[in-house]
Amino acid sequence: MVEVILKQSLKNLGDVDELVRVRPGYARNYLIPRGYAILATEPAKKVLNENLKQRAHKAQKIKGDAETIAKALESIVLSIPTKVSDKGTIYGSITPLQIADALTKKGFEIERKQISVDEDRIKTPGTYTATVSLHKDIKVILNFEVVAE
């Protein structure tokens, strides 16, 4: 058995930057020539450990920033003005894009892809909730109010 460091996630073998043991022929004839892995020599292991440390430090900083934004988002109540018909229904519906625009006006740079509206379709004025995914571990429930212009 020989140790290799994976450069790409492979089903039934491992994830990126994982140290795995495989048969020498599999490594020599398949993994290494196709660029899926490199031999796990001592210098390569040192580089891998340093990369993992840096990645962990960067991930910790990103998670800390997301926690800060999450605390700030929990305290705000967003108001989204929209045009309403005589019957009290909204022309169109409220989308994550409109919520993202309202958050941008409040000073939060959040992409619409990070926002998921809990209701199926918002067609009437009222108070609703949306889930904002700031990090894979951090999700915030955002309260927003749809008001008539």
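General remarks:
- Lone unmet requirement of (1) of a type outside the set (S, T, Y); (2) modelled with pLDDT of 85 or more; (3) closer than 30 Å to K61 by Cβ for D137: (2)
- Some residue of the stretch 87-105 being of a type in the set (S, T, Y), outside any helix (DSSP H, G or I), modelled with pLDDT under 90 and under 17 Å from the mean Cα position of the chain (by Cα): no
- The listed residues are K7, K46, and the only one of them that is of a type in the set (D, E, K, R) and in contact with a Phe, Trp or Tyr (Cβ under 8 Å, 6 or more places away or on another chain) turns out to be K7.
- Candidates L73, L103, L78 - the one that is under 30 Å from G126 (Cβ atoms), touching a helix residue (DSSP H, G or I) at 6+ places or on another chain (Cβ under 7 Å), among the aliphatic types (A, V, I, L, M) and in the same structural domain as F144 (by TED's automatic domain parsing): L78
- Scanning the stretch 27-46 turns up no residue that is surrounded by 13 or more Cβ atoms within 10 Å (Cβ to Cβ) and touching a Pro at 6+ places or on another chain (Cβ under 9 Å).
- If the condition is being assigned to a loop (DSSP other than H, G, I, E, B) and in contact with a Pro (Cβ under 9 Å, 6 or more places away or on another chain), then the stretch 112-149 contributes only E149.
- Filter pass, P96 being in contact with a helix residue (DSSP H, G or I) (Cβ under 6 Å, 6 or more places away or on another chain), surrounded by 14 or more Cβ atoms within 10 Å (Cβ to Cβ), over 24 Å from G64 (Cβ atoms) and not assigned by TED's automatic domain parsing to the domain that holds A59: yes
- Screening the candidates G14, G64 for the property of being modelled with pLDDT under 90, small (G, A, S) and surrounded by 13 or more Cβ atoms within 10 Å (Cβ to Cβ) yields one hit, G14.
- Residue match in the stretch 19-26 (condition: farther than 30 Å from T127 by Cβ, of a type outside the set (G, A, S) and assigned to a helix (DSSP H, G or I)): yes
- Qualifying positions in the stretch 102-122 - surrounded by 12 or more Cβ atoms within 10 Å (Cβ to Cβ) and farther than 17 Å from V140 by Cα: I122
The values are calculated or read from the model by the stated rules, or taken from the named source; none is laboratory data. Remember, it's a predicted structure, so these values are computed and weren't measured experimentally. Note that we place each Cβ from the backbone using ideal geometry, even for glycine, and neighbour counts take in every protein chain shown.
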